[in-house]
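Notes to accompany the following structure.
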Amino acid sequence: MRMLWRWLASFRRRILFRTVFLLLMVATVALAVAVLQQEKQLSYEAYRKSLRKTEAQLLAKLHHPSGQLALLNPQAHQGGVTPLKPLVLPYSAIDFDDPHKAQQTVELAGCLVQYPRHGALCVTVPHTAWAGGFLYIAGSFASGELVPRARGELDVTTAHRVRLIVSMRGRTEHWVAPFEQPPQRRAREAESGRLTGFAVEGASLAGARPSREFRGWLWQDRDCIQGAAPAGCLRRAFFSMRLPVEALREAVFDRSQRGVWPPPDLDRMVVHLQVLPPGDGAAPLLDSDDPEAMPPFSLQELKSLLLPGETLRVLRLRPNAPPTSVLTLVGDETAAPSRPWLDQLVRKLLVEGDGVPIEAQDTVSTPLGPYRVVLTGDLRSVDARLAGVATRMVWFVGAMLLAIVLAWLIIEAGLIRRIGVLTRRARAVSRDVTGARGVSDLQVADLRGSDELGILAGALSDLLQRVREDTQRERLRAERERDLWHAVGHEIMSPLQSLMALHGGPDDPSRRYLQRMQQAVRVLYGSASPSEAFETSTLELQAMDLHQFLRHVAANAPHAGIECVVLEAEAGLGEVIVRADEHSLEDVVAHVLRNAGRYRVPGTDITLRLRADAASAEVEIHNQGPPIAPELMDKIFEYGVSDPASGEGGTHRGQGLFVAKTYMAKMGGTIRAHNVGGGVAFVLALPRAGG
């Protein structure tokens, strides 16, 4: 089992690499599905908000007088704008005697049919039967200065006039209303006057008398419509009339239709109105049958507010009767192109509120009774639009998956296969490594190349060659060094044995020093290298006065060949007791002083500075000379590291500072070096005894 695990472990990088690519492909598909699901949730929430907004817009339009006018006349203008048919007004009447109130009423109600040349016309009946029996007509046209009919003039063609024809229930009524002005009018007033109604068909008023029930007024602005000069400019004229209609009066007093208003056949009434200028045969200034007439707002225009799939129903509510459908509008379907499997995928994505029908309803009150407005949403339209978006996204997801697969195949064929070959050959090399034969050759000639793996294979081959050569040289050097130390130790131990025979007495003071010399030789004798000997040596620590020790070192430095060694200590500094091996510490200081003397500026002092606190004592050895190179600062305490530019024939083995660092560590202290202004400082730190 362990062998199987080791065999699998050699493939774990490749397994990990392939697993990552598989997971990347799965993550790409999962990300696309997650984005679709989140987009579906956001689309549902946005659709609900949009439906509420649409409902608010619909209700705002229907609560407005123009919307109520459309509710009261749902079938208006279905067969065309002309000929004009009266609309049921959401007001009880029009104040036709006041131009401002009359104009404001028809504009607010939105009943004006627009005509070319600044024409507009509204024909209505009130919503209540008590004001019934009359047609209320208001409109505007553009004209030059109005020409009134002279008093007593029987020919109406000499003045501006309104001609009316009303047809209902097989009866046709003709009216002519010439423009008349009062005899006295203030100059600053706008052009205004009455429209006097005559029930005649021709242009002559002979034998005709004005109708008392007919009331009409005509006002003309003082300013030109287009801002032209007063002479010959067109000015806007507004008129309002109340016209008695016998058919409507009969409907009001018809007992069989009592309580029913407006009359059921109101949509069959036809009104034709013309505003004529002076002259016989002149073109009318306003003609209600003009084919270029534009209808006012109707319920059919609400369809533009509906999104695809949404349904708007308007129901009329009657007491003790079921609701009657007035209007049903369905939003236009604009399905985006999609694939069937994407439609199924989008529908199967579960989100909050999925499958819950969306419906909003409210009631609009009108003078003829309440109307219920029901707006029904369709979430399938959201799914259809989302499927269309997903159809466009699938190309990008497919391109990403294709790119991942291509990258996988390229890396698999160009890198992983070669890595597998290199791994098998490296495993074969590792099996061939033996102590006697060394490292065998790595055959990578077919894997060499200019890419990263080819460079790596060539570098591994060259590295193994260097390792094999270095291993052989190191083994030979170690054998020679061991033989050398054995020979040196043998040659030193022989005279020491003779001296021990001469000074072997227990009371002889030389015996102690001879034993220490023998111990020092044994430290080196039998070791593979001097560095191992120093690292495995054992020191005997004892309390000593560091201040007194440094005085002794500074005083005896000239005897060791190191001149101008000066000791500086803090003022009032007495004994500084530390735990150390006196002879090893003296070796440390001697090694550092020799390096300082070798690199100092000739004739300058080497300064020993002693500083101490309650926990530790520091000895700073400073000389004036060249700084230590930054690249050597961390290596000068390693064994065998020496300055190649010392110029002393290679007699330095790089051993002194290594011994100093080793002995300081065994005594619980540290040694460090740093460059200072004009030279180098070595700092030796030892813990104080009892600190």
message: Could you go through the range 312-320 and let me know if any residue there is crowded, with 21+ Cβ neighbours inside 10 Å, outside any helix (DSSP H, G or I) and out of contact with any Cys (no Cβ under 7 Å at 6 or more places or on another chain).
response: yes
field: Residues (within 20 Å of R235 (Cα to Cα) and surrounded by fewer than 17 Cβ atoms within 10 Å (Cβ to Cβ)) located in the range 279-293
entry: G279, A282, A283
- prompt: If you check every pair at least six apart or on different chains, which have Cβ atoms under 6 Å apart with a residue in the range 260-283 that is more than 14 Å from G119 (Cβ to Cβ) and in contact (Cβ under 8 Å) with a residue 24 or more places away in the chain first and a residue that is among the small types (G, A, S) and open to solvent by 20 Å² or more (accessible area, probe 1.4 Å) second?
  reply: W261/A129; V270/S167
statement: Of A34, A76, the only residue that is small (G, A, S) and either under 28 Å from the mean Cα position of the chain (by Cα) or modelled with pLDDT of 85 or more (or both) is A34
- request: Those residues that are free of Cβ contacts under 8 Å to residues at least 40 places away in the same chain and among the small types (G, A, S), I need them from the range 193-222; list them, please.
  value: A199, G202, G207, A208, S211
Single match in G133, G170, G110 (criterion: without any contact (Cβ under 8 Å) to a residue 12 or more places away in the chain and closer than 28 Å to P263 by Cα): G170
message: Tell me yes or no: at least one residue of the range 73-84 is within 14 Å of W219 (Cα to Cα) and open to solvent by 30 Å² or more (accessible area, probe 1.4 Å).
response: no
statement: Given (1) under 21 Å from L657 (Cα atoms); (2) at pLDDT 85 or above, P602 misses just (1)
- prompt: Taking I410 and the conditions (1) touching a residue at least 60 places away in the same chain (Cβ under 8 Å); (2) open to solvent by 60 Å² or more (accessible area, probe 1.4 Å); (3) of a type in the set (V, I, T), which numbered condition does it fall short on, given that it satisfies the others?
  reply: (1)
statement: Across (1) small (G, A, S); (2) at positive phi; (3) modelled with pLDDT of 85 or more, A403 clears everything bar (2)
- request: Scan the range 560-583 residue by residue and report those that are of a type in the set (D, E, K, R) and touching an Asp or Glu at 6+ places or on another chain (Cβ under 6 Å).
  value: E575, D581
message: Step by step: first the residues of the range 298-308, then only those that are among the hydrophobic types (A, V, I, L, M, F, W, C) and open to solvent by less than 50 Å² (accessible area, probe 1.4 Å), then the one that is farthest from E55 (Cα to Cα). Which residue is that?
response: L299
- prompt: Out of (1) within 24 Å of S143 (Cβ to Cβ); (2) open to solvent by 40 Å² or more (accessible area, probe 1.4 Å); (3) in a strand (DSSP E or B), the odd one out for V271 is which?
  reply: (2)
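The values are calculated or read from the model by the stated rules, or taken from the named source; none is laboratory data. These figures come from a predicted structure and were not determined experimentally. Don't worry about glycine lacking a Cβ; one is built from the backbone with ideal geometry, like all the others, and counts go over all protein chains shown. These accessible areas exclude ligands, DNA and RNA; they are computed on the full protein's heavy atoms, side chains included. Shrake-Rupley method; radii C 1.70, N 1.55, O 1.52, S 1.80 Å.
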